[in-house]
1. List, in order, the whole-Hz ³J(HN,Hα) value for each residue of region 106-113 obtained from phi through the Karplus relation with A = 6.51, B = -1.76, C = 1.60 and θ = phi - 60°; use x for Gly and Pro.
2. Note the count of lysine pairs whose C-alpha atoms are less than 22 angstrom apart in the chain, limited to pairs 8 or more residues apart or on different chains.
3. Extending each Cα 7 Å along its Cβ direction at Glu112 and Phe88, get the distance between those two points in nm, one decimal.
4. Run the helix sum for the chain: -39,500 (n - 2.57) per DSSP H stretch of 4+ residues, divided by residue count, reported at 222 nm to the nearest 500 deg cm²/dmol.
5. Quick one: length gained pulling Val40 to Leu56 fully straight, 0.36 nm per residue minus the C-alpha distance?
6. In Å and on Cα atoms, what radius of gyration and Dmax does the chain show?
7. Rounded to whole Hz and in sequence order, give me ³J(HN,Hα) for region 96-104 from the Karplus expression 6.51 cos²θ - 1.76 cosθ + 1.60, θ = phi - 60°, writing x for Gly and Pro.
8. Keeping every protein chain present and rolling a 1.4 Å probe, give me the accessible area per residue for the chain in Å².
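The values are calculated or read from the model by the stated rules, or taken from the named source; none is laboratory data. Fair warning: this is a prediction, and the values are worked out from it, not measured in the lab. Note: ideal-geometry Cβ built from the backbone for every residue, glycine included; neighbour counts use all protein chains shown. When the accessible area is computed, the model is the full protein with side chains, heavy atoms only, and any ligands, DNA or RNA have been set aside. Shrake-Rupley method; radii C 1.70, N 1.55, O 1.52, S 1.80 Å.
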Amino acid sequence: MKDSFHTLPTNVKRVLDSILGLAGFLSQTKRRSVFDFAQVAAGISIEHEAVPAELLPFVKKVVQSPYKVVDRDIEQLKAIGYNEDEIFEMTIALALGAGTGRLALTQRLIEESEQ
């Protein structure tokens with residue numbers, strides 16, 4: 001986990017360890033890259049690996065406007081070789097990345113305003 005997560009609640013850290021750990025249907029590298037992408041999109045600055053090009057349309061849609069994700073988006077991922085378990089893990093990693101990114105940004109802004 002990134003150093004910026006030292007202030008996250010223990011339960012959140014455990015969820016992140018579980019989702020981003022070794023076990024999973026989607027490769028750990030891909031889960032981590034979409035998680036990091038979502039954090040960056042949420043407004044925090046971290047170094048991250050590039051998201052594979054074939055995932056970018058879905059990843060951007062989930063991060064920027066998740067309410068617009070439709071069955072067709074899932075079918076496109078299946079057509080390029082991802083199964084439902086991998087898509088589920090990818091979506092969870094994206095949601096957690098966006099959520100923890102926003103939380104970290106909010107915590108930083110609160111700390112800055114208190115100084």
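1. The phi angles translate into 4, 4, 5, 5, 5, 4, 5, 6 Hz.
2. Going through the chain pair by pair, I get 11.
3. Result for the modelled spin labels: 3.9 nm.
4. Dividing the helical sum by the residues of the chain leaves -21000 deg cm²/dmol.
5. Taking Val40 through Leu56 to full extension adds about 4.4 nm, to one decimal.
6. 14.5, 52
7. 5, x, 5, x, 6, x, 5, 5, 4
8. Normalised by residue count, the accessible surface of the chain is 60 Å².
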